[in-house]
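As structure tokens, the structure follows; a few thoughts come after it.
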Amino acid sequence: MNRVLVFLDAIRDHLDSYAFPPVVSVRVGIGSEPVSVQLDTDRLTDVARSLVVWADSLENVTASIWRVPHGGSVHLEVQGRTPCGIPVVVYGGVQFDEATFPDLPAGMRQDMPVFVLRQWSTPGEVAA
């Protein structure tokens, strides 16, 4: 079996091993480029909950937040590696809200702890 098929099989096995929430797209690169997954939701609680599911399936997980340059939306993201070492980045976008993201100017990207996503995944919780 060639290396590409082995790589794709490893990704498929990871996707089959967890009850992941719906996604809009999955982009697969070969080599050091991460597998990129875009979530199919835009509500903060749903995006956070979906990212927590992904974070729990990955190793060496980091999270970040990025307010797009025009300022109207915020991308939440987790990055990590599957247990077999494949790099993965998962993201979803939500509407910008000053109460939820008070210190996030347009165009800025910040690292954030994964526990903030866990707090946001519970309706009514705001952890800025």
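Things worth noting here:
- For segment 1-24, a residue qualifies if it is exposed (fewer than 10 other Cβ atoms within 10 Å of the Cβ) and either in a loop (DSSP other than H, G, I, E, B) or touching a residue at least 60 places away in the same chain (Cβ under 8 Å) (or both), and the qualifying residues are M1, N2, A19, P22.
- Annotation note: Cβ proximity below 8 Å between a residue of segment 50-68 that is more than 9 Å from V90 (Cβ to Cβ) and a residue that is aromatic (F, W, Y) and assigned to a strand (DSSP E or B) (sequence gap 6+ or interchain) occurs for no pair.
- Close pairs (8 angstrom Cβ cut-off, 6 or more residues apart or separate chains): more than 29 Å from F20 (Cα to Cα) and touching a residue at least 12 places away in the same chain (Cβ under 8 Å) in segment 83-107, surrounded by fewer than 19 Cβ atoms within 10 Å (Cβ to Cβ) and of a type in the set (S, T, Y) anywhere: none
- The residues of segment 25-39 that are loosely packed, with under 13 Cβ neighbours inside 10 Å and within 27 Å of V94 (Cβ to Cβ), listed by number, are S25, R27, G29, E33.
- Qualifying residues in segment 78-123 (those that are part of a helix (DSSP H, G or I) and β-branched (V, I, T)) - the one farthest from G31 (Cα to Cα): V116
- Test: residue in segment 57-77 that is surrounded by 11 or more Cβ atoms within 10 Å (Cβ to Cβ) and assigned to a helix (DSSP H, G or I): yes
- Within segment 68-99, considering residues that are among the β-branched types (V, I, T) and more than 15 Å from L51 (Cβ to Cβ), the one modelled with the highest pLDDT: V68
The values are calculated or read from the model by the stated rules, or taken from the named source; none is laboratory data. This is a predicted model, so every value here is computed, not measured. A quick note on method: Cβ atoms are made from the backbone with ideal geometry, for glycine too, and the neighbour counts reach across all protein chains shown.
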